[in-house]
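The values are calculated or read from the model by the stated rules, or taken from the named source; none is laboratory data. All values derive from a computational prediction rather than experimental measurement. Here the Cβ positions follow ideal geometry from the backbone for every residue, glycine too, while neighbour counts run over all protein chains shown.
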Amino acid sequence: MREVAVLGVGMTKFGPSGLSLKELFAEAALEAIAESHLTSKDIQALVIGNVLGDFAERQMNLAPLLADEIGLGANVPATRVEGGCASGSVAFRDAFMWVASGFYDIVIAGGVEKFTHMGTPQVTSALAMIEDSLYEEFTGLTFPGVFAMLAHQYADKYSIPLPVLKERMARVAVKNHYHGTMNPLAQFQKEITVEKVLSSPMVCDPLQVFDCCPISDGAAAVVLASREIAERKVAKPIKVLGVGQGTGRPLSRQKDFTVMRARLASSSQAYQMAGIEPRHVDVVELHDCFTIAEIVASECLGFFEFGKGSLAAEVGETRLGGRIPINPSGGLKSKGHPVGATGCAQVYEIAKQLREECGPRQVEGARIGMTDTLGGTGTVVVNIILGR
Amino acid sequence: MYKLTHVQYFEALKENILKGLKCLDCGTITVPPKATCDECGSTNQEVTQLSGEGAIRTFTVIRVAPEGFKAPYVVVLAQLREGPWLTGLLDAPQPESATMELIGKKVKLGHRVVEHMKYTSGPGVVPLFSPVD
């Protein structure tokens, strides 16, 4: 296996957009290709993460149409992958393996989603398809509902009174909105308060509106190549140090899902491949689809002891300037969550952080960064470790 | 080869009977049914009947529902007496007033048939738990 690096990255602004799936993707992909000092003619394969194109825009078989949109040739295979909200990271990891294996030299990975026009009941229904269709979906369980059950389970398991946990969860939202104010591509660039979170409408007890990430349109793309090509083409290639992908199970088979087995597996694969431990990571973009999701992820990735993640959030250890800055981009919560695009958008942020191009939200001296993307009820987790 | 299909499982649920698969290698009961044992992965399983009794392990009140569902309603994960957990609904007269006190509450299984969902291969039958006291 040879060394692989990230060359250029591209990303649209997240949030409601008048652009189509193809137009959104082209914006991100062409930016990534230009930043790589390449042209579309140099790209040898495309892997795209997308979840709901069929329901959102009546578009299946999306990948070849995206390839054509950005001018890729007849010899370029174009493949759509779907792993729920982790689709973009699944695409990245597949592209990584294609280059690492030597089969291709230059591959573009991306993700795109467009569904703000669908309206909440339809989006909620479509996203529920990421659950187990026979044994979960018929209950009317929604994705906020899944993480709401997780929050109750967490409070019960660690004997944290629910009001205490809720306030700590609110601090996650406040922190990510604060980070989002420094990201011009974020859907929300406005600070909020704990009071605002705790007075917002209830979605699924105990999750309120500001515990939840928004519905977003957007795209992100990343060009990967052999390290040798990367070093010739760009001034600051970002090395892919480790990747991992784990598989979980439906909720009832997972039982205690405060510790997700897919994430334990995925992160340990990535750490082992990179030859590092959690304490070596300088900056993290992790899957904060809901405030409680950030807390359990921060524990499972090894940054805090199990049961201590909510306290760490409360005392500011995960804020910019804290011990381990989490989601400097604003995270899914404030930057937005166009589901298929999220994984590559996390890579975008980490690559920019490692190149020291993040302006006021720069994590000073960051040398190693990590992403964490979760799909389904913890059924897919992908971790990517990058370094400079 | 498949000893308990989803249709057979649903048909039993319609009679408030909870069927599962008992592993003949490790003894674990797998429910809802699956081709392989939840614990050891063996395919050496036989159909068994569970008590339908258990206790709530976690819950939520869904207040923003997917298309076709009418909020509020309570979704629970219940641990069955025989060990496995099951996702279901709670028969709660006042769903909006559910609190953490639900966790640990003993429940017994009933069912609800769900026919209104689009893009399915047929209706679903959902465990509908009711509190016992």
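Summary of values
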item	result
Some residue of region A:153-170 being closer than 30 Å to B:V113 by Cα, buried (at least 18 other Cβ atoms within 10 Å of the Cβ) and either in contact (Cβ under 8 Å) with a residue 24 or more places away in the chain or away from every other protein chain (no Cβ under 11 Å) (or both)	yes
Test: residue in region A:90-107 that is at pLDDT 95 or above and closer than 30 Å to B:M117 by Cα	yes
One residue from B:Q94, B:Q49 being more than 8 Å from every other protein chain (Cβ to nearest Cβ), closer than 29 Å to A:Q122 by Cα and over 12 Å from the mean Cα position of the chain (by Cα)	B:Q94
Every residue from region A:317-340 that is in contact (Cβ under 8 Å) with a residue 40 or more places away in the chain and either over 21 Å from the mean Cα position of the chain (by Cα) or not in a loop (DSSP other than H, G, I, E, B) (or both)	A:I326, A:G331, A:L332, A:K333, A:S334, A:K335, A:V339, A:G340
Residues (touching a Cys at 6+ places or on another chain (Cβ under 6 Å) and within 14 Å of chain A (Cβ to nearest Cβ)) located in region B:24-46	B:T28, B:T30, B:C37, B:E39, B:C40
Residues satisfying the stated conditions in region A:130-145, i.e. within 8 Å of chain B (Cβ to nearest Cβ) and either of a type in the set (F, W, Y) or under 19 Å from the mean Cα position of the chain (by Cα) (or both)	A:Y135, A:F138, A:P144
Considering residues of region A:118-129 that are closer than 11 Å to A:L52 by Cβ and at the interface with chain B (Cβ under 7 Å from one of its Cβ atoms) only, the residue surrounded by the fewest Cβ atoms within 10 Å (Cβ to Cβ)	A:Q122
Residue in region A:70-78 that is within 30 Å of A:C358 (Cβ to Cβ), in contact with a Phe, Trp or Tyr (Cβ under 8 Å, 6 or more places away or on another chain), touching a residue at least 12 places away in the same chain (Cβ under 8 Å) and assigned to a loop (DSSP other than H, G, I, E, B) present	yes
Identity of the residue in region B:63-91, outside any loop (DSSP other than H, G, I, E, B) and more than 7 Å from chain A (Cβ to nearest Cβ), that ends up surrounded by the fewest Cβ atoms within 10 Å (Cβ to Cβ)	B:Q79
Qualifying residues in region B:99-118 (those that are modelled with pLDDT of 95 or more and assigned to a loop (DSSP other than H, G, I, E, B)) - the one nearest to the other protein chains (Cβ to nearest Cβ)	B:I103
Any chance A:A78 is in contact with a strand residue (DSSP E or B) (Cβ under 6 Å, 6 or more places away or on another chain) and buried (at least 22 other Cβ atoms within 10 Å of the Cβ)	no
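For every residue, the table says whether it meets (1) crowded, with 20+ Cβ neighbours inside 10 Å; (2) within 22 Å of A:L332 (Cα to Cα).
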site	(1), (2)
A:F25	yes, yes
A:A28	yes, yes
A:L38	yes, no
A:L46	yes, no
A:G53	yes, yes
A:Q59	no, no
A:G83	yes, yes
A:A100	no, no
A:I106	yes, no
